[in-house]
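Working notes, structure below.
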Amino acid sequence: MSDLIFRPLEADGFDLFHSYGPLPASGVGARDLPFDELGYRSDWVWVALRGDEVVARAAFWGPPGSEHPFSLDWFDPGTGPDRIEVGAALLRAAYAALVTPGYSSPSGARPDFHLFLPGDWRERPDSLADATDRIEAAAEAGLRHSVERLNLRWIPEYGLPPRSTRLTFTPADDDGTVVDLLARITEGSLDAWDRRTLAEKGVMGTAKETLADVAGFPGGRGRWRLAHDASGDLVGIVMPTRNSKFATIGYIGVDPAHRGHGYADDLVAETLHIFTAEGEPEVRDSTDLGNTPMAASFARVGYRIIGRRLIMI
């Protein structure tokens with residue numbers, strides 16, 4: 001280990017990062033876009049060097065204009081017999097440099113690690129081995145498992161579901177109404193982020209943070225909708241928006257008093273009609289593996305699983 005150097009790239013030094021070689025053939029770590037289109041900053045991309053050879057690499061990401069990286073979402077610990085130790089040492093060095101006293105991001109006290117995986121990664125020996133290397137190296141660097149999520153995609157070719165005939169939708173443009181509804185939804189949420197933030201910040205703190213986070217997406221809040229039943233009761237909310245690459249649902253939830261009626265299907269269907277009317281070619285979403293009701297709703301409406309994402313914090 002004493003022969004290793006850990007450092008960020010110099011400006012326009014991405015050729016060094018790419019000299020490591022390609023991603024594993026197992027599909028672990030694979031992304032939908034090429035590296036150069038994902039918006040990485042050179043000073044947030046780190047390599048482990050043994051002489052002139054890159055033996056491990058890690059890329060941290062943050063949205064344009066952010067002061068700090070939000071996540072680690074590209075990590076290759078190497079292939080040598082000491083790959084777990086090398087990968088962990090690289091992450092420790094990078095985190096020590098990037099998580100300064102003034103660090104802040106929606107992820108928490110430091111960037112979380114997003115490991116992109118094939119949908120069947122546990123059933124394939126090659127994928128399981130490559131994923132295990134990355135998980136063990138991250139764990140040795142001090143990160144811990146948080147949640148595994150299903151990555152989902154919908155395109156018009158899958159079929160546009162019918163619009164709800166039992167709910168009516170109005171713009172979600174009043175912050176007070178939105179926060180009050182989010183507070184009720186959060187208390188019974190199966191979403192890991194909701195539950196973790198609830199434990200840290202309480203009901204109202206979580207609701208206000210959700211509002212602020214989704215309002216900060218590039219897509220804005222013009223598509224957000226409140227859902228009302230035939231009696232006029234407010235039953236749920238959906239926040240269609242855009243991230244830096246795709247149309248997506250920033251948040252969706254049904255008031256606990258109105259759960260059990262399949263209203264999530266209506267909320268997702270309304271979203272797809274909004275995006276289709278705007279000409280969006282595809283919609284990308286995700287949900288926790290443990291949030292089986294939401295996963296089932298996405299499946300009923302027509303989404304398909306295109307992979308998984310394991311998150312460590």
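Numbers below:
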| quantity | calculated |
| --- | --- |
| Criterion (crowded, with 19+ Cβ neighbours inside 10 Å and within 23 Å of Gly159 (Cβ to Cβ)) met by exactly one of Phe246, Phe298 | Phe298 |
| Hits in the stretch 90-120 - residues which are buried (at least 19 other Cβ atoms within 10 Å of the Cβ) and either acidic (Asp, Glu) or touching a His at 6+ places or on another chain (Cβ under 6 Å) (or both) | Asp112 |
| Whichever residue in the stretch 166-212 is among the basic types (Lys, Arg) and free of Cβ contacts under 8 Å to residues at least 12 places away in the same chain and, among such residues, is farthest from Met239 (Cα to Cα) | Lys201 |
| The stretch 12-37: number of residues that are assigned to a loop (DSSP other than H, G, I, E, B) and in contact with a strand residue (DSSP E or B) (Cβ under 7 Å, 6 or more places away or on another chain) | 6 |
| Meets criteria (of a type in the set (Asp, Glu), under 21 Å from the mean Cα position of the chain (by Cα) and closer than 25 Å to Leu152 by Cβ) for Asp213 | yes |
| Qualifying residue in the stretch 204-218 (condition: out of contact with any Lys or Arg (no Cβ under 7 Å at 6 or more places or on another chain) and in a loop (DSSP other than H, G, I, E, B)) | yes |
| Of all residues making up the stretch 123-171, the number that are within 29 Å of Ser107 (Cα to Cα) and hydroxyl-bearing (Ser, Thr, Tyr) | 3 |
| Residue within the stretch 245-257 that is within 15 Å of the chain's Cα centre (by Cα), on the phi < 0 side of the Ramachandran plot and assigned to a loop (DSSP other than H, G, I, E, B) present | yes |
| Selection within the stretch 105-122 - over 18 Å from Asp43 (Cβ atoms) and either without any contact (Cβ under 8 Å) to a residue 40 or more places away in the chain or not in a loop (DSSP other than H, G, I, E, B) (or both) | Gly108, Ala109, Asp112, Phe113, His114, Leu115, Phe116, Leu117, Asp120, Trp121, Arg122 |
| Conditions (1) assigned to a helix (DSSP H, G or I); (2) farther than 30 Å from Ser104 by Cα; (3) among the hydroxyl-bearing types (Ser, Thr, Tyr): number failed by Thr197 | (2) |
| Residue tally, condition in contact with a strand residue (DSSP E or B) (Cβ under 8 Å, 6 or more places away or on another chain), closer than 20 Å to Ser105 by Cβ and among the hydroxyl-bearing types (Ser, Thr, Tyr), over the stretch 214-268 | 3 |
| Meets criteria (under 20 Å from the mean Cα position of the chain (by Cα) and among the aromatic types (Phe, Trp, Tyr)) for Tyr263 | no |
| Yes/no for Leu33 being farther than 23 Å from Ala129 by Cβ and in contact (Cβ under 8 Å) with a residue 40 or more places away in the chain | yes |
| Odd one out for Leu49, checked against (1) outside any loop (DSSP other than H, G, I, E, B); (2) surrounded by 20 or more Cβ atoms within 10 Å (Cβ to Cβ); (3) hydrophobic (A, V, I, L, M, F, W, C) | (2) |
| Counted residues, the stretch 123-165 - those being over 30 Å from Gly279 (Cα atoms), free of Cβ contacts under 8 Å to residues at least 12 places away in the same chain and surrounded by fewer than 13 Cβ atoms within 10 Å (Cβ to Cβ) | 2 |
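Bear in mind these aren't lab numbers, they're just calculated from the coordinates by the rules spelled out. It should be emphasised that the depicted structure is a prediction, and the values quoted were computed from it without experimental measurement. Neighbour counts are summed over all protein chains in view; Cβ atoms, including those assigned to glycine, are modelled from backbone coordinates with ideal geometry.
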